[in-house]
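K.L.:
I am attaching a structure below and will ask some questions about it afterwards.
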Amino acid sequence: MSVSGIDLRSYVSAEDARERGRAAREQVPVTLRDRAAHSPDRPAVLDFVATSNRGRIDRLVPLRIGRMTATPFTFFRGAAGLMAADLAAGPVSGLLAQICGDAHAANFGLYGTQRGQIVMDVNDFDETIVGPWEWDLERLAASLVLAGRESGATEDDCVRAARDAAWSYRHTIDDLATMPFMQSWSVLHDESILTTAKAEDLLDDFEKAAKKARKNTSAKVVAKWTEHLEDHETGISEHRFVSDPPILTAVDPQVAAAVIDSLERYAGTIRESRRNLLARFAVSDVAFRIVGTGSVGLHSYVALLHGNAGESLVLQVKQATPSALAPFLPATAPRHEGERIVAGARTVQSETDILLGWTTVELAEPLPFIVRQFRNLKGSIDPAELSADDLDDYGRLAGALLARAHARSLDPRALAGYLQTDGAEDDRFEAAIARYAVRYADRTEADHAELVAAVAAGRLPAEPS
């Protein structure tokens, strides 16, 4: 075997791969997914929040707590580590994949390829790690129940969405297992996924999101967030960010210099030809920008670069912290947390941002970061705003995308062997996933209520978003 670890002399047949999955199913039946929602060893909610706030920028912690108190779904989005503690107590098949680690329903989005095509895929990899594929699917299912409850869907609608996500996952894996390897590697990432996943009712939602995504460019950021400055002595014409506290704020010159230095180093982590592309730009300005829910309080910057004929490029330079799942898995510590995230995205996504890379920013201490295009034709379909009729379609769409993502690192033939119970119409797997999802949504609502009560009692500071 070569130093790369690849063996091109031995072939694993489809039957042998499926038998591996069937053997795993004998040890861990799919019905075991129907279980208690939480681990007796999980941390107390307030202890979890306190621990997850360590190392964050102190002044932004109240904003993070404020966002987590908004709804049970937003609490869930900021509590991947808490669910990991619960998942760690459950059964696992032993089949491992490069998982998203935070595969909730809002972490599937639209973005543009280098050719301008709008695709949809898993789009958040802060928590990515090699782990049980089941953890991603169960987090997705629970999030669909929470999103449905937030939008006013009935409990039956929420259960159906969770079941359909698991159904779509199982059937997509079975389809991928029968495809030629080269075909399965890049299938199911554009609009055709809606038909394959039987999610045609989302076509209008997809087209609206894609229309907005095509306008979501660096040029739009410049028009909305910057002012134009021209130095009449030098003839240099540039843009500068306009502060909009607390979301967008100026940084000290020393911080700006550190970010620019890190971008010069980051160039070594992208493909050689793209380094030539990046080298044609120059940085005009750097600002601090707050993003997300789970990421609030971490260092996150936007860098404005200018190019040819008034062209602008906006890069996001975002702090990378250890995966919240790492304490619950026997994973080897990565050399660099930014590299872990980038490697995970490159493994899972069928199309990856051509400027995705990693770096270290020398602040008060060296910190790992990822770098990517800030507005790369990005768009989304908000699952918490979908009608009850469309929620199950979204579940099928997300389930199919997650299956395709996992199949890039885990042989789909082995997973198909595990999931193929007693025939195509055997729904014990999706029924077990749905029942667990409802229990976990109930658990999350209780956790959220505990956090809200602590804020109301003055035990924790919280600021509105």
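The values are calculated or read from the model by the stated rules, or taken from the named source; none is laboratory data. Keep in mind it's a predicted model, so treat the numbers as computed, not measured. No Cβ is skipped: glycine too gets one built from the backbone with ideal geometry, and neighbour counts run over all protein chains shown.
K.L.:
Looking only at the range 140-157, which residues are part of a loop (DSSP other than H, G, I, E, B) and of a type in the set (G, A, S)? Don't jump to the end; show me each part of the working.
P.N.:
Looking only at the range 140-157, we keep the residues that are part of a loop (DSSP other than H, G, I, E, B), and these are 152-154.
Correct list: G152, A153.
K.L.:
Can you find, within the range 286-300, the residue that is farthest from G55 (Cα to Cα) among those that are β-branched (V, I, T) and crowded, with 21+ Cβ neighbours inside 10 Å?
P.N.:
Selected residue: V286.
K.L.:
For the subset of the range 419-438 comprising residues that are charged (D, E, K, R) and surrounded by fewer than 24 Cβ atoms within 10 Å (Cβ to Cβ), which member is modelled with the highest pLDDT?
P.N.:
This residue is R435.
K.L.:
Hey, another quick one. Just one of (1) under 30 Å from R428 (Cα atoms); (2) over 21 Å from the mean Cα position of the chain (by Cα); (3) surrounded by 21 or more Cβ atoms within 10 Å (Cβ to Cβ); (4) not aromatic (F, W, Y) trips up D34, so point out which.
P.N.:
If we test D34 against (1) under 30 Å from R428 (Cα atoms); (2) over 21 Å from the mean Cα position of the chain (by Cα); (3) surrounded by 21 or more Cβ atoms within 10 Å (Cβ to Cβ); (4) not aromatic (F, W, Y), just (3) comes out false.
K.L.:
Being among the β-branched types (V, I, T) and touching a Ser or Thr at 6+ places or on another chain (Cβ under 7 Å) is true for just one of I433, I381, I341, I370. Which residue is that? Break it down into steps so the answer makes sense when it comes.
P.N.:
On the way: I433 fails: touching a Ser or Thr at 6+ places or on another chain (Cβ under 7 Å); I381 fails: touching a Ser or Thr at 6+ places or on another chain (Cβ under 7 Å); I370 fails: touching a Ser or Thr at 6+ places or on another chain (Cβ under 7 Å).
Of the residues listed, the single one that is among the β-branched types (V, I, T) and touching a Ser or Thr at 6+ places or on another chain (Cβ under 7 Å) is I341.
K.L.:
Also, quick follow-up: Between a residue in the range 13-25 that is touching a residue at least 60 places away in the same chain (Cβ under 8 Å) and any residue that is outside any helix (DSSP H, G or I) and of a type in the set (G, A, S), which pairs come within a Cβ distance under 6 Å, given they are 6 or more apart or on different chains?
P.N.:
Partner pairs satisfying both residue conditions: A24/S93; A24/G94.
K.L.:
A further question follows. Just to check your reading of the model, which residue among R160, R240, R170 is in the same structural domain as L401 (by TED's automatic domain parsing), surrounded by 13 or more Cβ atoms within 10 Å (Cβ to Cβ), more than 24 Å from S387 (Cβ to Cβ) and of a type in the set (K, R)?
P.N.:
So the residue among R160, R240, R170 that is in the same structural domain as L401 (by TED's automatic domain parsing), surrounded by 13 or more Cβ atoms within 10 Å (Cβ to Cβ), more than 24 Å from S387 (Cβ to Cβ) and of a type in the set (K, R) is R170.
K.L.:
Would you check if D392 is assigned to a helix (DSSP H, G or I) and of a type in the set (D, E, K, R)?
P.N.:
Working: assigned to a helix (DSSP H, G or I): yes; of a type in the set (D, E, K, R): yes.
In short, yes.
K.L.:
Those residues that are modelled with pLDDT of 95 or more and in contact with an Asp or Glu (Cβ under 6 Å, 6 or more places away or on another chain), I need them from the range 323-364; list them, please.
P.N.:
S323, A324, L325, W358
K.L.:
Only one residue in A267, A287, A282 is closer than 29 Å to S465 by Cα and hydrophobic (A, V, I, L, M, F, W, C). Which one?
P.N.:
Exactly one residue qualifies, and that residue is A287.
K.L.:
I would also like to ask the following. Restricting to the range 58-74, what's the tally of residues that are out of contact with any Leu (no Cβ under 7 Å at 6 or more places or on another chain) and closer than 25 Å to A106 by Cα?
P.N.:
Adding up the residues that qualify gives 10.
K.L.:
Still on this structure, I have one more. Of all residues in the range 301-346 being of a type in the set (D, E, K, R) and surrounded by fewer than 18 Cβ atoms within 10 Å (Cβ to Cβ), which is farthest from L377 (Cα to Cα)?
P.N.:
Top of the filtered list is R335.
K.L.:
On to the next question. Out of (1) of a type in the set (V, I, T); (2) within 25 Å of R340 (Cα to Cα); (3) in contact (Cβ under 8 Å) with a residue 40 or more places away in the chain, the odd one out for T51 is which?
P.N.:
The number of the failed condition is (3).
K.L.:
On the basis of being more than 21 Å from the chain's Cα centre (by Cα), touching a residue at least 12 places away in the same chain (Cβ under 8 Å), more than 17 Å from G395 (Cα to Cα) and assigned to a helix (DSSP H, G or I), does A210 make the cut?
P.N.:
So A210 does not fit the description; no.
Condition check ((1) outside any loop (DSSP other than H, G, I, E, B); (2) touching a residue at least 40 places away in the same chain (Cβ under 8 Å)) across all residues:
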site	(1), (2)
R396	yes, yes
L410	no, yes
A414	yes, yes
Y418	yes, yes
Y436	yes, yes
R443	yes, yes
H448	yes, yes
A453	yes, no
R459	no, yes
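K.L.:
All but one of (1) in a loop (DSSP other than H, G, I, E, B); (2) at pLDDT 95 or above; (3) surrounded by fewer than 18 Cβ atoms within 10 Å (Cβ to Cβ) hold for R42, so report the exception by its number.
P.N.:
(3)
K.L.:
Looking only at the range 307-342, count every residue that is in a strand (DSSP E or B), under 15 Å from S218 (Cα atoms) and in contact with a helix residue (DSSP H, G or I) (Cβ under 9 Å, 6 or more places away or on another chain) and tell me the total. Steps first, answer last, please.
P.N.:
The initial filter retains those residues of the range 307-342 that are in a strand (DSSP E or B), namely 312-319.
Those still in the list that are under 15 Å from S218 (Cα atoms) too: 312-317.
Checking which are in contact with a helix residue (DSSP H, G or I) (Cβ under 9 Å, 6 or more places away or on another chain) leaves us with 312-315, 317.
Looking only at that region, the number is 5.
K.L.:
Given the residues A462, A441, A416, which is the only one that is hydrophobic (A, V, I, L, M, F, W, C), within 22 Å of the chain's Cα centre (by Cα) and crowded, with 16+ Cβ neighbours inside 10 Å?
P.N.:
The match here is A441.
K.L.:
In the range 83-133, which residues are on the phi < 0 side of the Ramachandran plot, of a type in the set (G, A, S), crowded, with 21+ Cβ neighbours inside 10 Å and not in a helix (DSSP H, G or I)?
P.N.:
Result: S93, A97, A103, G112, G131.
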